[in-house]
């Protein structure tokens, strides 16, 4: 037949499936996340606390008795806490894309609160020491060590969330 009638030998094609646009970037696997956390611990955390370890080894070599208040009684742990969190915050901000807002904002907010608190507290301790006022070095060392441990936990969480977004 002509153009208006049925044509022999032609097969009807099914309609094409709808086109779905997806993010083609593969999400990070847990192996890659673990690798990123290991690198972060090795190069951010370990190198940040290395000066304390060297001081301890040096004192032990000289048969001196060293206490926690001697090592961190002037707020030194607070400075390390800020450095560790700064690295985690940087990773989190760099990987903003694809993040659910609440988790990202909450973690970033928590990190900033710890950083501001640590900076403020260190400034206060430094001012007291500069004015030759009494500072309870044992309390400062113990409490600032807790802030350091918290910063490692929050900084590690920042790295974890950032890596999962990749």
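Just one residue in the set 50, 92, 60 is touching a helix residue (DSSP H, G or I) at 6+ places or on another chain (Cβ under 7 Å), surrounded by 11 or more Cβ atoms within 10 Å (Cβ to Cβ) and assigned to a helix (DSSP H, G or I); that residue is 92.
Rundown of residues vs (1) within 21 Å of residue 33 (Cα to Cα); (2) surrounded by fewer than 18 Cβ atoms within 10 Å (Cβ to Cβ), yes/no style:
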residue: 56; (1), (2): no, yes
residue: 73; (1), (2): no, no
residue: 104; (1), (2): yes, no
residue: 109; (1), (2): no, yes
residue: 112; (1), (2): no, yes
residue: 120; (1), (2): no, yes
residue: 146; (1), (2): no, yes
residue: 154; (1), (2): yes, no
residue: 165; (1), (2): yes, no
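Applying the condition of being in a helix (DSSP H, G or I) and free of Cβ contacts under 8 Å to residues at least 40 places away in the same chain to the stretch 131-152 and asking which residue is farthest from residue 108 (Cα to Cα) yields 139.
A short reminder: the numbers here are calculations on the coordinates, not readings from a lab. Just so we're clear, the structure is a prediction, and the values are computed from it rather than from any experiment. Cβ coordinates were reconstructed from backbone atoms using ideal geometry, including for glycine residues, and neighbour counts include every protein chain displayed.
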